[in-house]
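The values are calculated or read from the model by the stated rules, or taken from the named source; none is laboratory data. Since we're looking at a predicted model, the values are computed, not measured. Every residue, glycine among them, receives a Cβ derived from its backbone with ideal geometry; neighbour counts consider all protein chains shown. Quick note on the areas: whole protein, heavy atoms, side chains included, nothing else; ligands and nucleic acids left out. Shrake-Rupley method; radii C 1.70, N 1.55, O 1.52, S 1.80 Å.
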Amino acid sequence: MKYTASYPAARPRRLRQSDWVRRLTREHRLCRDDLIWSIIIHDGADDEVPVAAMPGVARLSVRAAAAAAKRASKLGIPAIAIFPYIDGAKKDSSGREALNPEGLVCTAVRAMKDAAPEVGLMVDVALDPFTDHGHDGLLHEGRILNDETVKVLTEQALIQVRAGADIVAPSDMMDGRVGAIRSALDAEGHQDAMIMSYAAKYASAFYGPYREAIGSAKALTGDKRTYQMDFGNTDEAMREVALDVSEGADMLLVKPGIAYLDIVSRVKAEFGLPTYAFQVSGEYAMIKAAVANGWVEEDRIVLETLTAFKRAGADGVVTYFAAKAAELLG
Ligand code: PBG
């Protein structure tokens, strides 16, 4: 600390006395360029099907997702992350629908790119929306198979990029998948397709509402603790990040967000790559529930939590509040 003067010469309140000087001395600020808007899509006819556990969030039809892309463009939001709700009839134990180039995800990617080519599209690589057991990988006698899953994820990433996805975001936490996806993309000439790795993803209670949103809550048997990280660990996150960086990750994601700011801060400090935090469904739901009760002010808490990610070192935030935040930021 280079702070030398002491009271009464030093009076920190001097720099807080009015709005202009607070603005002048502010260290971190949120802007629209920091936002990645997470949306849920479905292939039904209804443009919006509300998600009960996430008031204000709805599953969007492909048409509504295309409209959302246009809205993101108008609001100056650089990118959208899409998560699919897959019809139960299309789920099976191996998540085969994940590899359908005419499936919901690829169809939505094409429609959104048509509507707003200037908006970046990020797509989740994982099998949980597509499997009848709700796991991110292939399940065999109660175990998640790593290397077999990586093969499927690699195919999944390829069809997403062929459809026009700009960023593939493996959220599955299998070992070795970033390297496998990178070489498969390169072998097909997709050198410019980016990988944002969910490098440090924890097994978390904060994902509860998301599982309702994508319809995997009832399906999920057991939990994800054999592949997602233990929330007691920090050094392990650094090892996970180091592996993904060595395998070719362009950008890093830490998830969940607000309870993991120490991880965001350490990842950014140790690796210096573009680093993002995911303000996940449970964080969104908790804020909305408190707002609905009149216990907190929504606009203020949205800007405060999003700015906290920046202060911790994040370059941006994946959030269901992106459109709202962009409007507030003007
Ligand atoms: C799984 C995945 C999850 C989320 C994004 N991708 C849930 C999980 O790991 O069980 C959570 C997103 C959120 O809670 O908003 N591939």
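I want to confirm something. Restricting to the stretch 150-163 and keeping residues that are away from the ligand (no atom under 16 Å from the Cβ) and crowded, with 17+ Cβ neighbours inside 10 Å, which single residue is farthest from Ala200 (Cα to Cα)? Among those that are away from the ligand (no atom under 16 Å from the Cβ) and crowded, with 17+ Cβ neighbours inside 10 Å, it is Ala163.
Which of the following residues is closer than 18 Å to Met196 by Cα, more than 15 Å from the ligand (Cβ to nearest atom) and open to solvent by 10 Å² or more (accessible area, probe 1.4 Å): Gly232, Gly313? Reasoning before the result, please.
Numbers: Gly232 fails: closer than 18 Å to Met196 by Cα.
Criteria check complete, one pass: Gly313.
For residues that are more than 11 Å from the ligand (Cβ to nearest atom) and not charged (D, E, K, R), scanning just the stretch 130-144, find the one that is surrounded by the most Cβ atoms within 10 Å (Cβ to Cβ). So the residue we want is Leu138. Only one of the numbered conditions (1) away from the ligand (no atom under 16 Å from the Cβ); (2) open to solvent by 20 Å² or more (accessible area, probe 1.4 Å) is not met by Asp175, and that is (1).
Among what's in the stretch 290-308 and is over 13 Å from Ala325 (Cα atoms) and without any contact (Cβ under 8 Å) to a residue 60 or more places away in the chain, pick the residue that is farthest from the ligand (Cβ to nearest atom). Walk me through it before giving the result.
Taking the stretch 290-308 as the starting set, the residues that turn out to be over 13 Å from Ala325 (Cα atoms) are 290-297, 308.
Okay, now just the ones that are also without any contact (Cβ under 8 Å) to a residue 60 or more places away in the chain, so 290-291, 293-297, 308.
Working: Ala290: 18, Val291: 18, Asn293: 22, Gly294: 25, Trp295: 22, Val296: 20, Glu297: 23, Ala308: 17 Å.
Among those residues, the one meeting the criterion is Gly294.
Looking at the structure I just gave you, is Asp250 away from the ligand (no atom under 16 Å from the Cβ), open to solvent by 50 Å² or more (accessible area, probe 1.4 Å), out of contact with any helix residue (DSSP H, G or I) (no Cβ under 8 Å at 6 or more places or on another chain) and touching a residue at least 40 places away in the same chain (Cβ under 8 Å)?
Working: away from the ligand (no atom under 16 Å from the Cβ): yes; open to solvent by 50 Å² or more (accessible area, probe 1.4 Å): yes; out of contact with any helix residue (DSSP H, G or I) (no Cβ under 8 Å at 6 or more places or on another chain): yes; touching a residue at least 40 places away in the same chain (Cβ under 8 Å): yes.
Yes, satisfied.
With respect to the stated conditions, Asp147 is of a type in the set (D, E, K, R), open to solvent by 20 Å² or more (accessible area, probe 1.4 Å) and part of a helix (DSSP H, G or I). The single condition among (1) within 30 Å of Ser183 (Cα to Cα); (2) over 19 Å from the mean Cα position of the chain (by Cα) that Thr221 does not meet is (1). Scanning the stretch 181-214 for residues that are free of Cβ contacts under 8 Å to residues at least 40 places away in the same chain, closer than 26 Å to Asp235 by Cα and away from the ligand (no atom under 16 Å from the Cβ) yields a count of 0. Of all residues in the stretch 105-129, those satisfying the criterion of being more than 17 Å from the chain's Cα centre (by Cα), open to solvent by 10 Å² or more (accessible area, probe 1.4 Å) and not small (Gly, Ala, Ser) are Thr107, Arg110, Lys113, Asp114, Pro117, Glu118.
Among the residues making up the stretch 305-327, those that are part of a helix (DSSP H, G or I) and closer than 21 Å to Ala67 by Cβ are Ala322, Ala323, Lys324, Ala325, Ala326, Glu327. For the stretch 260-268, state whether one or more residues are closer than 15 Å to Ser204 by Cα, within 16 Å of the ligand (Cβ to nearest atom) and either of a type in the set (Ser, Thr, Tyr) or open to solvent by 20 Å² or more (accessible area, probe 1.4 Å) (or both). Yes; the residues of the stretch 260-268 include at least one that is closer than 15 Å to Ser204 by Cα, within 16 Å of the ligand (Cβ to nearest atom) and either of a type in the set (Ser, Thr, Tyr) or open to solvent by 20 Å² or more (accessible area, probe 1.4 Å) (or both).
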